[in-house]
Amino acid sequence: MKKLALLPLIPLACASLVFAQPPQQPSTTHVWRQSQKTNTADRYTYSRFILVGKFAPSRHGVGANRPALALDCIPGTGAHPVKGKFLAANLLVGTTLKIVYVEPDEAHGIAYFPKVVVHYQTEGAKDEEDKWSSATDKTSLSIPKDSLKKMLRARTVAITADDDHGSQVAMQFDMPDPTLVEDSCNVD
């Protein structure tokens with residue numbers, strides 16, 4: 001008989017456990033994460049800013065690393081606030097991209113540059129096509145400074161490129177406040 005009296009109290013006990021849990025922390029995926037790196041060969045320290053994005057639903061989004069924007073900058077120095085120096089901006093994709101070889105504007109011998117055709121769009125703007133330089137491993141791209149400026153001022157950025165099998169790789173980034181990155185890297 002005592003077992004039946006406790007039975008109605010079980011749902012109340014479960015409900016109290018649900019409400020007693022601590023509140024979840026806000027997501028930190030849409031912030032620039034800053035770390036300090038050292039170039040030992042040239043003996044200087046620089047800041048690396050990383051912004052993690054996401055793949056659009058496709059075969060790349062399942063079990064794959066997330067895409068990221070990486071900016072490298074030398075911090076400003078001195079007693080007065082001095083802006084830093086922009087070094088590089090890269091799109092880290094993590095999958096091998098389709099390379100097209102582009103003939104340079106001025107040909108000095110036989111040389112073609114490995115590039116990747118990229119489409120990117122900021123909210124409210126038209127789709128832009130460009131050819132970005134590829135890293136030697138063909139899984140990351142160098143972002144030109146003028147494209148980076150447009151992306152930093154946007155709220156969302158969609159980037160697509162083809163992988164080495166011809167399938168489209170679609171990525172999206174929710175852009176946080178760019179003030180820290182713009183000041184640290186002197187992007188303007």
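Out of 94, 166, which single residue is part of a loop (DSSP other than H, G, I, E, B) and either closer than 19 Å to residue 50 by Cβ or in contact with a Phe, Trp or Tyr (Cβ under 6 Å, 6 or more places away or on another chain) (or both)? It is 94. If only residues of region 103-140 that are in contact with a Leu (Cβ under 8 Å, 6 or more places away or on another chain) and either in a strand (DSSP E or B) or at pLDDT below 90 (or both) are counted, the one that is surrounded by the most Cβ atoms within 10 Å (Cβ to Cβ) is 116.
Taking the stated definitions as given, is residue 143 surrounded by 12 or more Cβ atoms within 10 Å (Cβ to Cβ) and closer than 22 Å to residue 187 by Cα? Yes. Screening residue 136 on (1) touching a strand residue (DSSP E or B) at 6+ places or on another chain (Cβ under 9 Å); (2) touching a residue at least 24 places away in the same chain (Cβ under 8 Å) shows it passes everything except condition (2). Please count how many residues of region 112-131 are more than 25 Å from residue 177 (Cβ to Cβ) and either touching a Cys at 6+ places or on another chain (Cβ under 9 Å) or in contact (Cβ under 8 Å) with a residue 24 or more places away in the chain (or both). Summing the residues that are more than 25 Å from residue 177 (Cβ to Cβ) and either touching a Cys at 6+ places or on another chain (Cβ under 9 Å) or in contact (Cβ under 8 Å) with a residue 24 or more places away in the chain (or both) in region 112-131 gives 5.
Please verify whether residue 13 is modelled with pLDDT under 75 and not in a loop (DSSP other than H, G, I, E, B), treating the condition exactly as stated. When the stated conditions are applied, residue 13 passes them. Summed over region 169-186, residues that are over 17 Å from residue 117 (Cβ atoms) and part of a strand (DSSP E or B) total 3.
Considering region 21-45, the residues that are within 22 Å of the chain's Cα centre (by Cα) and part of a loop (DSSP other than H, G, I, E, B) include one that is modelled with the highest pLDDT, namely 32. Would region 176-184 turn up any residue that is over 16 Å from residue 67 (Cα atoms) and of a type in the set (S, T, N, Q)? Yes; the residues of region 176-184 include at least one that is over 16 Å from residue 67 (Cα atoms) and of a type in the set (S, T, N, Q). Total residues in region 141-162 satisfying the condition of being farther than 17 Å from residue 174 by Cα and in a strand (DSSP E or B): the figure is 4.
Regarding residue 97, is this residue surrounded by 19 or more Cβ atoms within 10 Å (Cβ to Cβ) and either touching a Ser or Thr at 6+ places or on another chain (Cβ under 7 Å) or touching a residue at least 12 places away in the same chain (Cβ under 8 Å) (or both)? Yes, satisfied.
The values are calculated or read from the model by the stated rules, or taken from the named source; none is laboratory data. Note that the coordinates shown come from a computational prediction; the quantities given were computed from them, not determined experimentally. Note that we place each Cβ from the backbone using ideal geometry, even for glycine, and neighbour counts take in every protein chain shown.
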